[in-house]
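Notes to accompany the following structure.
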Amino acid sequence: MSLQAYTAATARAESPRDLEYRLFGQVTRALVHASTVDASDIATRIDALDWNRRLWSTLAGDCSDPTNALGAPMRAQIISLSLFINRHSSAVMRGEETFQDLIDINRMIMQGLSGGASPTQ
């Protein structure tokens, strides 16, 4: 099967929510892996943090678009999380923080995307 055919089939079979869930899963796995490598493995740590930052930056950019279908409070929360992710990632690289908060946030987002969030969340 050609790459184009595979991409087209995936696009038809996967909802945007499923795609976001899958992407968060991949990024979160990279963060988990990076959290287990030796601190001297800077490349692995930087790659995972950068990928996570880019994901959140993209989400924030989408949320800053006034035509975004999400409500304004939810968009504002995502933008705030993106800012936190950026600051916290820098602290992780300086050795002042751990990966765990980033991993936990991504997992909570994944839970929401899967429909597993409780009504009070």
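Computed values, structure above
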| read-out | value |
| --- | --- |
| Scan of segment 37-57 for residues that are of a type in the set (S, T, N, Q), assigned to a helix (DSSP H, G or I) and free of Cβ contacts under 8 Å to residues at least 24 places away in the same chain, ordered by number | 44 |
| Cross-chain or 6+ apart pairs with Cβ under 8 Å, segment 58-74 first and closer than 20 Å to residue 23 by Cα and free of Cβ contacts under 8 Å to residues at least 40 places away in the same chain, then open to solvent by less than 60 Å² (accessible area, probe 1.4 Å) and outside any helix (DSSP H, G or I) | 62/68 |
| Among (1) without any contact (Cβ under 8 Å) to a residue 60 or more places away in the chain; (2) open to solvent by less than 60 Å² (accessible area, probe 1.4 Å), the one test that residue 99 misses | (1) |
| Verdict on residue 107 being at pLDDT 95 or above, outside any loop (DSSP other than H, G, I, E, B) and open to solvent by 80 Å² or more (accessible area, probe 1.4 Å) | yes |
| Near pairs, Cβ below 7 angstrom, 6+ apart or cross-chain, from segment 20-36 (closer than 11 Å to residue 106 by Cβ) to any residue that is open to solvent by 50 Å² or more (accessible area, probe 1.4 Å) and not in a helix (DSSP H, G or I) | 21/114 |
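The values are calculated or read from the model by the stated rules, or taken from the named source; none is laboratory data. Fair warning: this is a prediction, and the values are worked out from it, not measured in the lab. All Cβ positions, even for glycine, are placed from backbone atoms using ideal geometry, and neighbour counts span all protein chains on display. Please note that ligands, DNA and RNA were not included when accessible areas were found on the heavy atoms of the full protein model with its side chains. Shrake-Rupley method; radii C 1.70, N 1.55, O 1.52, S 1.80 Å.
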